[in-house]
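Undergrad: Below you will find the structure I want to go over with you.
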Amino acid sequence: MKKLSIVGMIFLLFATAHAQRMKEKGFGLIHLERHQVTLGTGFRYELGLFKNVSASTSLTPGVAFYQEGYTGGLAWNTRVRYYHNIEERLDINKNVIGNSADYLALGRSVFWGPLQLSQNLRNDNQFAIEFFGGLYGLQRTYRNGFNFNAEVGFGYYQGDTVSDGYGPMLNFTLGWVLTKRKKKDNYFNGN
């Protein structure tokens with residue numbers, strides 16, 4: 001019975017994704033970039049999945065706070081983002097090129113002791129902390145390719161050689177988008 005419900009959930013997920021893509025004039029994305037690579041204070045790759053939803057992975061600076069203390073340095077991040085204000089930005093003639101919008105995300109971040117610049121958890125830097133939680137963020141990409149991304153979230157921290165707990169997480173990056181971006185006119189044509 002448990003296997004049947006898992007298979008049913010997977011089928012429902014794919015059916016929903018397929019229906020969403022068909023509603024978007026075939027299999028194309030309306031507003032999101034299909035692929036976006038950003039290099040700067042870190043590295044990020046973002047893949048447009050379907051209307052207003054993308055998945056990303058990055059190695060960027062981040063700060064984790066929870067009951068046991070804090071750590072700040074490089075973190076490996078994975079996100080599933082839902083951009084909630086793309087249509088509103090278009091309605092008031094604001095830029096949405098390069099996925100320039102605000103988003104809600106489910107995220108996972110991993111902080112390894114040797115990659116941390118500052119922390120008060122352990123003196124020997126032999127730890128790892130994994131964050132699972134919800135985030136709110138904003139991303140802006142300008143015509144010259146300059147990009148910034150800022151996000152704040154709250155979630156559960158699972159520690160390896162340090163205690164588990166709950167707390168906030170901050171992430172901020174600056175960089176340049178290396179991939180070609182859609183032209184503004186394409187957004188109004190449904191491309």
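Every read-out reported here was derived from the displayed coordinates using simple, explicitly stated rules and does not represent laboratory data. Computed from a predicted model, the values in this text were never measured in an experiment. Note: ideal-geometry Cβ built from the backbone for every residue, glycine included; neighbour counts use all protein chains shown.
Undergrad: Give me a comma-separated list of calculated 3J(HN,Hα) values for the range 177-182, in order, Karplus coefficients 6.51, -1.76, 1.60 applied at θ = phi - 60°, integers in Hz, x for any Gly or Pro.
TA: Coupling constants for the range 177-182: 7, 8, 8, 5, 9, 5 Hz.
Undergrad: Let me ask something additional. Give me the one-decimal Kirkwood hydrodynamic radius in Å for the range 31-188, with the sum taken over alpha-carbon pairs. Show your work: numbers first, answer last.
TA: Details: mean 1/r = 0.0622 Å⁻¹.
The answer is 16.1 Å.
Undergrad: Expressed in nm to one decimal, what extension gain is obtained for the pair residue 87 and residue 125 from 0.36 nm per residue of sequence separation less their Cα-Cα distance?
TA: Working: separation 38, 0.36 × 38 = 13.68 nm, distance 4.51 nm.
Gain on extension, residue 87 to residue 125, equals 9.2 nm.
Undergrad: Using a cut-off of under 11 Å, list every residue of the range 64-97 whose amide N is near the label point 7 Å from the Cα of residue 118 along the Cα-to-beta-carbon line.
TA: So the set is 71-73.
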